[in-house]
């Protein structure tokens, strides 16, 4: 199987080289002006890869084309950012095909296999160390939190206001530490065997998550809305894990939204996938950071770090969604807001894929 791709813009040669190594049929044109599109027939291509500037021109000239921005990540894989939200499913399928296509150079693949194995072993050791340290930290922290709460409740005698205020700070900071340790413990790569899968209605999961977040939203002065598209199907999922993803995305949306802003959660159906979007009108994310925010311990800037957290939340979300055979991404514009989304296969599509394999 081959797909016909047109690459436009400054990354044309880099992407062309990458795709040709994977035996993908590529037509490359480094075009920067809208007038140059005239001689190109859109029907000859399955998808267009373009930088954002050229992509906007393609959207206007070829409104029916699948257009996305190519970004090379640190692992040397091609990541595609859809410029049309409704075409995210098609873009995802193209990305999976490209990155799963075999490299034509077998000799190169064999020579690099040892390096890949070594890196995987280092990653396993690192995960084991994090899990061990996190587990040992969590037990004493839980005891500290429990005993401080008992003292605050007056079990050890009455407290004056200054003592109560000081102990409340200790309690709050201890709970923050417990949350960080929990994030560290959750940062190990979850596989399907770690999930408690069941048929789940994501509309119900979203409704519950939004209800639990309304108090926080009110405290932040943010309006929180939920919209479920009619006819959305069911998914095979671990409800608690997907709830964890939603809590993280909603928490981030509230954290980076100013009073008076709006956060909207949508449940949509997209090409045999169920899609959840969390859209805010907050500070947005610069383009150069969008490809890295799902990496462990990565934070956009010092302001994000001051908000609290280790930069693990989105990485954990990515691991959970991908363990469900799903896809997670973000579309954002600084000063306008961000739209985080993830998609899980409908239960019928999941069963069909499992039967075929």
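Total residues in the stretch 249-288 satisfying the condition of being under 23 Å from residue 73 (Cβ atoms), part of a loop (DSSP other than H, G, I, E, B) and either touching a strand residue (DSSP E or B) at 6+ places or on another chain (Cβ under 6 Å) or not assigned by TED's automatic domain parsing to the domain that holds residue 347 (or both): the figure is 2.
Exactly one residue out of 303, 315 is outside any loop (DSSP other than H, G, I, E, B) and at pLDDT below 70, and it is 303.
This table checks each residue for (1) modelled with pLDDT under 90; (2) within 21 Å of residue 197 (Cα to Cα).
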| position | (1), (2) |
| --- | --- |
| 246 | no, yes |
| 267 | no, yes |
| 289 | yes, no |
| 324 | yes, yes |
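Please find, within the stretch 82-109, the residue that is modelled with the highest pLDDT out of those that are in contact with a helix residue (DSSP H, G or I) (Cβ under 7 Å, 6 or more places away or on another chain) and not in a loop (DSSP other than H, G, I, E, B). It comes out as 82. Of all the listed residues (188, 157), the sole one being modelled with pLDDT under 75 and outside any helix (DSSP H, G or I) is 188. In the set (1) buried (at least 16 other Cβ atoms within 10 Å of the Cβ); (2) at pLDDT 85 or above, residue 259 fails one condition alone, (1). Of all the numbered requirements in (1) crowded, with 20+ Cβ neighbours inside 10 Å; (2) at pLDDT below 90, residue 353 misses one, and that requirement is (1). Taken over the stretch 227-248, the criterion of being outside any helix (DSSP H, G or I) and touching a residue at least 40 places away in the same chain (Cβ under 8 Å) is satisfied by 227, 229, 232, 233, 234, 235, 236, 237, 238. Just one of the listed residues (202, 197) is modelled with pLDDT of 85 or more, touching a strand residue (DSSP E or B) at 6+ places or on another chain (Cβ under 6 Å), farther than 23 Å from residue 279 by Cα and in the same structural domain as residue 293 (by TED's automatic domain parsing), namely 197. Residues in the stretch 1-15 that are surrounded by fewer than 19 Cβ atoms within 10 Å (Cβ to Cβ) and either under 11 Å from residue 50 (Cβ atoms) or modelled with pLDDT of 75 or more (or both): 4, 10, 13, 14.
The values are calculated or read from the model by the stated rules, or taken from the named source; none is laboratory data. As the structure is a prediction and not an experimental result, all values here were calculated from the model. With ideal geometry, Cβ positions are generated from the backbone for all residues, glycine too; neighbour counts draw on all protein chains shown.
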